[in-house]
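Note sheet for the following structure.
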Amino acid sequence: MSSPIIRSFTRTPFRAAAQLRRGGGHEGYNLPTGYLFGEKPLAPGAKRVKGDWENMFLYGFGGSMIFGTALVYYKPDTNVQTWAYKEAKARMEARGEPVEYKKQE
């Protein structure tokens, strides 16, 4: 059952297989053109054509930022000082002590 697969791998010359594994046979990087993002300036009156991914990125990124901002704004207060203040206030009220602190003169 696996013998056709093994045979296909053994038929590939070692040098070609090594080039494929190392990613050989490509240019490596795009040569600099001197244009911003590699886009040539448009002719006067021509309109730029957006890529398919640009609207998805804009709305996805913007929506994620708005959602994240709302999460941070409405997150619960988990500060230990706030918890200690509420706990002390509840205990003082349970004992019947005054909770308000008066300014000492």
Scanning the stretch 29-84 for residues that are among the polar types (S, T, N, Q), surrounded by 10 or more Cβ atoms within 10 Å (Cβ to Cβ) and part of a loop (DSSP other than H, G, I, E, B) gives THR33
Qualifying residue in the stretch 56-71 (condition: within 30 Å of PHE37 (Cβ to Cβ) and over 16 Å from the mean Cα position of the chain (by Cα)): no
Among the candidates GLU54, GLU105, GLU97, residue that is at negative phi and at pLDDT 90 or above: GLU54
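The values are calculated or read from the model by the stated rules, or taken from the named source; none is laboratory data. The model shown is predicted, which means the values in this text are computed figures rather than measured ones. Neighbour counts run over all protein chains shown; Cβ positions are idealised from the backbone, glycine included.
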